[in-house]
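The values are calculated or read from the model by the stated rules, or taken from the named source; none is laboratory data. What you see is a predicted model, and the numbers here were worked out from it, not measured in a lab. Don't worry about glycine lacking a Cβ; one is built from the backbone with ideal geometry, like all the others, and counts go over all protein chains shown. Areas reflect the complete protein model, heavy atoms only, side chains present, ligands, DNA and RNA absent. Shrake-Rupley method; radii C 1.70, N 1.55, O 1.52, S 1.80 Å.
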Amino acid sequence: MMKDNNTPLIRQYLQIKDKYKDYILLYRMGDFYETFFEDAETTAHICNIILTKRNNGAAGDVPLAGFPYHQLDNYLPKLVNAGYRVAVCEQVEDPKKAKGIVRREVIEVVTPGVTLYDKLLSEKRNNYIASVYFHPRSDKNKTLGIAFCDVSTGEFNISEFQISQLTEIIEMLGIKEVVISKEQKILFENILRNLNNPILVTKLEPWIFDFTFAREALLGQLRTLNLKGFGIEELPLGIISAGALLHYINETQKLYLNQIQKISLFNPNEYMILDSATRRNLEIYFSWSNNIEGSLYSVLDETKTPMGSRLLKNWLARPLLNVEKINRRLEIVDYFYKNTNLVEKIRSILSEIGDLERLSAKVCSTKATPRELLVLKKSLDSIPYIQQLLENTGNEYLISLSKRFVNLNEISSLIEKAIDQNTNNSVGTGNVIRKGYSEEFDKILSLARNSKSHINKLQEEERRKTGIQSLKIGYNLVFGYYIEISKVNAGKVPSRYIRKQTLTNAERYTTPELREIEFKLKNIEEKLYNLETQLYQDVLLNIAKFISELQENSQIVAELDCLVSFAYLALKNHFCKPVVDNGTEIIIQNGRHPVVEKSLPIGEHYIPNSTKLSDKELIHIITGPNMSGKSCYLRQVALAVLLAQVGSFVAADSAKIGIVDRIFTRVGAQDDISRGESTFLIEMQESANILNNATKRSLILLDEVGRGTATFDGISIAWAITEYIHNNIQAKTLFATHYHELNELEAKYDKIVNYYIDVLEEGEKVIFTHKVKRGTSDHSFGIYVAEMAGLPKEVVQRAKDILEILEAGTTNPNEQVIFKVSKPNPKKIKSIENRLQFQQLAIFDFTDNDIRNKILDLDLNNITPLQALSLLEELQKQIKSS
């Protein structure tokens, strides 16, 4: 509650802060942004600046932390990146004209999802904010509405889908902030808690999520009589979400958002959904070490423009399911692939084009700088050259693309006439508006520069009159113009000089003549500032009239950039054009991993492998030692499918891809300490997600499922999962495993086939060929890998001795059992023990007649798998207790 004994300034601060309780309030005071109370403590900590105090009269001192106003671009991003919303409060009244406290207002609110600050935006990805709404009287499994927008580009989308899809869609889009109704806080916070990366949740008043209010807000922004032209009229929940989001953005930006010109229907059913596990396991955006380097995106991004790079990222997040759309992209890539000279010419022109999307948005919000306008002009001047190249191709689609470009010579001409090519970027200094653009401005600028020359002339005259060569005339905001003379020359100061300020080593003076020049110059500079500011704002407003055309040109450039980059990538890395159809086969000839092959040392070549998955070869069981390339092989198949459905060529000699609706991966795991989840729990959760959501059209990659638990448990789970996929889902599956027992499945099921990674043994040396072959592997070569890793020689030798003991036995295969059960051979074990002088493995010294007899009495032809496992567990317990 506000106290009466607060100073007027703190009272004003608290009044404004009361409206922005959940924000850090940056309160402008002269040349500084100040924060008080808890905001000061937070700001000091986040920004690493000094926390001090300000006198608050009878109320006592209050915590204070601040920074110079020109450092806003440095400190504001730190606060937002730390997860805080920031309200920027400016002085909206001239302090010299104010009666009492200067009037202040919040002119802008910046959040993780709503910002135009360059340091808060990545040119390689969109910055989306979303709003979601669920009808309170609907069942939890029904539809919800969503709208998402990138304020920095003007992109605005709407959709409705099942509430169960929400987390997948949010992660697919990379949403930074979600707006919800306060009434639905519990529902959505429970759902959003399952996100891998927590996001900011903003809660608004329920009245904002009203259909009539939302629809009117949309119609006002889009300037239409209805929403039929956008194809969203029949999406009431989506309209509510969109209207609420638009309201929130308008409230935060405090400016008219002219860059939001249209709203598009987003249909998630048009895209292959990649869950977080698949994006992580395929290293699409980040490598396992969480770096962009080593990711698929880092290898694929050969784009030349920021909007092209962002579009590529969106394409990778949303592979297509429509064969016609995929093949349209592939045909254009193929055309460029066959016309290498055209590729080089277009890429050269594209490199001259700036971020048209975000520059347009900055123009609309009057945040574009003069130099950014020069970049905009250069970008627009490059487009006609691209048009000409496309028109001369003879390709129907590229010609149509060329015709979609809008002629914006009017903007280029305006910038050419209005903006000085050598601008210092500071509007109001006389260095922005070009000479000849405004006659009035030219006159005022001439007067201002002549007045300054009078100052220089006066300085020379005073030096001559006084004989003080170090005399200088300076200026500051507090004291205005002054004559400064060092104390060494104090005896030479004329009596007509009027003392103005005393410094440690100098005195500052003024004269009637200097005052007169200062008065004239001050008025001229104020006029100059006001006129240049007004002229520049007029230029921005005139450019903003063409926002729709600018956005259209930007979208065409982005699309062209992606397609050309795919062709360039294919030429550079020897990729092939895939055949994509609605069939069910995945046939890849000599496929490669596009990222791994780029990271190989000079002189080494990636070993390619072929793959054929079909209705006859539905599941591949792949065995082989560690480091042989099983995991890499699995990933390269998935990446081939992903790239094909994005519209890119793939790393192979040839490829035929039947449309895949989902790619599921269960590859690697680690404990999630923050959630208290073990490796095995995560492994089973991911496996459950696959089994519950995969379809016949899916591609499943399983790598070492079951290894997080005891061996028999793991084998049982892996076996059961494979059977379930074969019998119930019938999805194309690659299953890499160390459980050789799974090879028995080939004999039981027609659509399960065994493969292995070939390894050559030359004496004690092992050579990993990385070649996938038909058949099975009967050795893991784990000890050899351990030796390569640098384990002590005595440990390696000891492991070899133990392995020889473990492998000794006679095998009695039985078609009626799930696993091949090995019957130990005591005589052979004893002879090996004697030869090795092996004294410590008492478990294999069968002196316990009871255990020995139980094993010898087993009727392997009639025992069931469950009985076998039960008996083994009993024997194990008996041995451990002995």
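Here are a few things to note about the model shown:
- For segment 60-206, DSSP calls about 70 percent of its internal beta bridges antiparallel.
- Taking every protein chain into account, the accessible area of segment 276-430 amounts to 42 square angstrom per residue (probe 1.4 Å).
- Size of electric dipole in the chain: Cβ of Lys, Arg +1 and of Asp, Glu -1, about Cα centre, debye, nearest 20: 2980
- Rounded to the nearest 20 debye, the dipole size of segment 264-392 about its Cα centre is 340 debye, using +1 on the Cβ of Lys and Arg and -1 on the Cβ of Asp and Glu.
- Each of LEU613, ILE602, GLN589 was placed along the dipole of segment 563-614 (beta-carbon charges, centred on the mean Cα), and the one lying farthest toward the positive end is ILE602.
- Considering only Cα atoms, the convex hull volume of segment 509-555 works out to 66 Å³ per residue.
- Cα-based shape type of segment 313-400, given that a ≥ b ≥ c are square roots of the gyration tensor eigenvalues and the cut on a/c is 1.5: oblate
- Label-to-label distance, nm, for residues given as LYS21 and SER870 (7 Å Cα→Cβ offset): 6.4
- Taking the DSSP bridge list for the chain and keeping only pairs wholly inside it, about 65 percent are antiparallel.
- Cα gyration tensor category, rounded, prolate or oblate, for segment 270-342 with a/c compared to 1.5: oblate
- Each other residue within a Cβ distance under 15 Å of LEU296 adds +1 if Lys or Arg and -1 if Asp or Glu, for a net charge of +4.
- Look at the alpha carbon pairs under 8 Å that are at least 6 residues apart: their mean separation over the length of segment 2-77 gives a relative contact order of 30 percent.
- Accessible area in square angstrom per residue, segment 132-209, 1.4 angstrom probe: 42
- For segment 449-497: rounded, prolate or oblate by the Cα gyration tensor [a/c cutoff 1.5]: oblate
- Volume per residue that the Cα convex hull of segment 181-263 spans, once the total is divided by residue count, Å³: 117
- Pairwise FRET efficiency - LYS487 versus VAL62, Cβ, R0 = 60 Å, nearest 0.05: 0.90
- Here LYS142 and ASP713 are evaluated by their C-beta separation; at R0 = 60 Å the FRET efficiency comes out at 0.95.
- Taking all Cα pairs closer than 8 Å and separated by 6 or more residues, the relative contact order of segment 338-467 comes to 19 percent.
- Sequence-distant contacts, meaning Cα pairs under 8 Å at least 6 residues apart, place the relative contact order of segment 262-335 at 30 percent.
- Only the Cβ atoms of Lys and Arg (+1) and of Asp and Glu (-1) were treated as charged; on that basis the dipole of segment 505-597 about its Cα centre amounts to roughly 200 debye.
- Taking every DSSP helix (H) stretch of at least 4 residues in the chain, weighting each as -39,500 (n - 2.57) and dividing the sum by the residue count yields a mean residue ellipticity at 222 nm of -13500 deg cm²/dmol.
- Portion, in percent, of the accessible area of the chain that falls on carbon or sulfur, probe 1.4 Å: 49
- Orientation-averaged projected area, Cα convex hull of segment 218-264 (nm²): 3.1
- Among ILE260, SER870, ALA544 the positive-end extreme of the charge dipole of the chain (Cβ point charges): ALA544
- Accessible area expressed per residue, segment 517-643, with surrounding protein chains retained (probe 1.4 Å, Å²): 39
- Spatial separation of Cα centroids for segment 517-578 and segment 36-72, in angstrom: 37
- Kirkwood-based Rg to Rh ratio, the chain, C-alpha trace: 1.09
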